[in-house]
Amino acid sequence: MKKKIFSIIYVLAFGIGLKSQTCTTATNLPINGTLNINGVNVTASSTGDVEMYTSGLSTNPSCNLNSLSFLPNALWAGGNYETWSVTLNFDQPVNDVVFLIRGKSDSVITMDGTFNESFNFSSNSGGISITPINSCGFSTNSNTITRILGSTSGAFKIHASSGYQQLTINGPGGDAGSVLGVCSSSILGVDDINSNMKDDLVNIYPNPVQNNFTISSKDNLRSYEIFDESGRKVMSSSLKGNKQEVDISSLIKGNYIVSIETKQRKINKKISKN
């Protein structure tokens with residue numbers, strides 16, 4: 001039985017060129033299975049010491065990180081010093097996935113009495129570089145994040161030279177393991193935020209939006225779906241032609257992802273409703 005003293009890993013996926021975003025509630029990843037997040041299918045497969053943590057969790061502000069809530073039944077990996085591995089497969093290329101790691105207790109140590117619990121990253125697009133965004137108590141080297149102190153928190157951007165469709169995270173485990181989740185509102189495919197594609201194929205305006213926005217495209221439009229910050233689909237409809245107005249007056253203020261399907265491809269756009 002794992003001890004209820006643990007590190008918490010929280011996953012925020014960002015497309016290329018996006019700035020860090022605030023995520024307040026996670027969407028849980030399955031131990032083995034597929035879920036759709038903002039039009040991107042994410043398939044998780046796990047080996048080793050991976051199970052569900054049945055309680056909901058909340059974080060304390062640390063290292064100036066924003067407070068997050070963790071839903072029940074999140075992935076729990078690497079307790080009792082047992083090795084673990086989680087592989088995420090995306091049906092569209094993504095990049096700059098940002099992981100948040102929160103150390104819960106300074107008693108989370110490895111068998112040799114140190115805090116050197118490590119988190120190793122690899123992708124199907126070659127070498128990984130890790131950039132600390134905001135952290136304390138961690139060190140980074142190449143594709144590895146290492147915990148060097150006790151109660152710690154950090155956010156790290158996981159970057160490859162090109163978009164990846166597979167990302168594997170593994171580690172040797174520790175005294176209590178880690179809980180994993182994903183910030184669904186920030187998962188976008190590489191094509192969605194490629195600046196060369198932005199004005200070339202699909203455009204949304206105005207943005208920010210009050211009640212209505214227009215989708216225009218050089219390609220034939222087929223459909224759209226709108227997802228809220230939790231990844232829940234809140235609107236969808238078919239489209240025709242190259243230009244159409246969308247009424248979102250029924251939606252509350254906030255950030256949304258609009259997944260637009262054209263004859264050629266599917267592209268996601270972020271909008272804000274004022």
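Points to keep in mind about this one:
- Scanning the range 160-174 for residues that are open to solvent by less than 60 Å² (accessible area, probe 1.4 Å) and assigned to a strand (DSSP E or B) gives Ala160, Tyr164, Leu167, Thr168, Ile169, Asn170, Gly171.
- Pairs with Cβ under 8 Å, 6+ apart, first in the range 208-233 and more than 15 Å from Val246 (Cβ to Cβ) and open to solvent by 70 Å² or more (accessible area, probe 1.4 Å), second basic (Lys, Arg) and at pLDDT below 90: Asn220/Lys263
- Filter pass, Lys266 being modelled with pLDDT of 80 or more, under 30 Å from Pro72 (Cβ atoms) and among the basic types (Lys, Arg): no
- Candidates Phe90, Phe115 - the one that is over 16 Å from the mean Cα position of the chain (by Cα) and either among the aromatic types (Phe, Trp, Tyr) or at pLDDT below 55 (or both): Phe115
- Residue under evaluation Ile31, criteria (1) open to solvent by 10 Å² or more (accessible area, probe 1.4 Å); (2) farther than 22 Å from Asn170 by Cα; (3) modelled with pLDDT of 65 or more, criterion not met: (2)
- Considering the range 137-153, and only residues there that are surrounded by fewer than 16 Cβ atoms within 10 Å (Cβ to Cβ) and part of a strand (DSSP E or B), the residue that is modelled with the lowest pLDDT turns out to be Ser139.
- The residues on offer are Phe121, Phe156, and the sole one that is at pLDDT 75 or above, in a strand (DSSP E or B) and under 24 Å from Asn255 (Cβ atoms) is Phe156.
The values are calculated or read from the model by the stated rules, or taken from the named source; none is laboratory data. Bear in mind that the values here come from a model prediction, so they are computed numbers and not experimental data. Positions of Cβ are backbone-derived with ideal geometry, glycine not excepted, and every protein chain shown enters the neighbour counts. Keep in mind that these areas ignore ligands, DNA and RNA; they rest on the heavy atoms of the full protein, side chains included. Shrake-Rupley method; radii C 1.70, N 1.55, O 1.52, S 1.80 Å.
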